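Enquirer: Okay, here's the structure, questions in a sec.
The values are calculated or read from the model by the stated rules, or taken from the named source; none is laboratory data. From a predicted model like this one, the values you see are computed outputs, not experimental measurements. Cβ placement follows ideal geometry from the backbone for every residue including glycine, while neighbour counts extend to all protein chains displayed. We work out accessible area using only protein heavy atoms, side chains counted, and drop any ligands, DNA or RNA first. Shrake-Rupley method; radii C 1.70, N 1.55, O 1.52, S 1.80 Å.
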Amino acid sequence: MTDEAGRKFVMITTFRRRTADGFMLAAFVIDERECESPAEMKAIRNEALDEIQRRRIVGEFETRRAKAGEMPSDLPRWAEYKRQLEAADQESS
């Protein structure tokens with residue numbers, strides 16, 4: 001995306017889950033720079049939202065606009081976080 005001044009911006013979605021103590025901890029991000037299109041980012045966000053709701057994980061999604069040159073987050077991406085959830089399911093079975 002480009003604004004009127006010509007600066008480049010990207011959208012970054014962060015999911016924060018609520019801990020048993022009531023704290024909100026950032027769990028994963030979806031970074032537009034890693035998607036082929038805004039539609040792909042939306043599809044990933046929708047998949048994550050559906051899975052989070054299905055699992056009844058309490059938390060919130062926050063989408064913000066960031067400068068394209070901003071350093072990427074070191075948080076897991078959705079695919080990695082989803083694998084962590086699935087691995088925890090396997091361990092508890």
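Enquirer: Among the DSSP beta bridges whose two residues both lie in the chain, what percent are antiparallel, rounded to the nearest 5? Walk me through the numbers on the way to the answer.
Expert: Details: 17 of 18 bridges.
Antiparallel: roughly 95 percent of the beta bridges in the chain.
Enquirer: Of Ala48, Ala20, Ile30, which is farthest towards the positive pole of the chain's charge dipole, taken about the Cα centre with +1 and -1 on the beta-carbons of Lys, Arg and Asp, Glu respectively?
Expert: About the Cα centre, the residue reaching furthest to the positive side is Ala20.
Enquirer: Now, a different point. Give me the one-decimal nm value for the distance between modelled label points at Ala20 and Glu91, 7 Å along each residue's Cα-to-Cβ direction.
Expert: Taking the simple label geometry, Ala20 and Glu91 are separated by 1.4 nm.
Enquirer: Quick one: dipole size for the chain, taken about the Cα centre, charges +1 on Lys/Arg Cβ and -1 on Asp/Glu Cβ, in debye to the nearest 20. Can you show the working numbers first?
Expert: Details: 17 positive and 19 negative charges, 49 e Å.
So the dipole magnitude of the chain works out to roughly 240 debye.
Enquirer: For the chain, what does -39500 (n - 2.57) per DSSP helix run (n ≥ 4), summed and divided by total residues, give at 222 nm, in deg cm²/dmol to the nearest 500?
Expert: On the way: 2 runs with 32 residues, N = 93.
Result for the chain, helices only: -11500 deg cm²/dmol.
Enquirer: Take the alpha carbon gyration tensor of the range 51-93, find the square roots of its eigenvalues, order them as a ≥ b ≥ c, and report rounded if a/c is under 1.5; if not, report prolate when a/b exceeds b/c, else oblate.
Expert: Details: a/c = 4.32, a/b = 1.90, b/c = 2.28.
Note, shape of the range 51-93 comes out oblate.
Enquirer: Can you put Thr14, Thr63 in order of accessible area, largest first, using a 1.4 Å probe? Intermediate results must be reported in sequence, preceding the final value.
Expert: Details: Thr14 15, Thr63 65 Å².
Largest accessible area first, the residues go Thr63, Thr14.
Enquirer: Moving on to the next point. Find the Rg to Rh ratio for the chain, where Rh is the Kirkwood radius over alpha-carbon pairs and Rg uses the same atoms.
Expert: 1.02
Enquirer: So who's got an amide H within less than 5 Å of the one on Phe28, skipping anything under 5 residues away but keeping other chains? H placed 1.01 Å off N, in plane.
Expert: Phe15
Enquirer: Here is a follow-up. Through the Karplus equation 6.51 cos²θ - 1.76 cosθ + 1.60, θ set to phi - 60°, convert the phi angles of the range 55-69 into ³J(HN,Hα) values in whole Hz; use x for Gly and Pro.
Expert: So the J values, rounded to whole Hz, are 7, 6, 7, 7, x, 8, 9, 10, 10, 9, 8, 10, 5, 4, x.
Enquirer: In Å², what does the accessible area per residue of the chain work out to with a 1.4 Å probe?
Expert: Normalised by residue count, the accessible surface of the chain is 69 Å².
Enquirer: If you don't mind, there's one more thing I want to ask. So, with a 1.4 angstrom probe, what is the percent of accessible area on the chain that is carbon and sulfur? Could you put the intermediate results ahead of the total?
Expert: Numbers: 3160 of 6460 Å².
Roughly 49 percent, rounded to a whole number.
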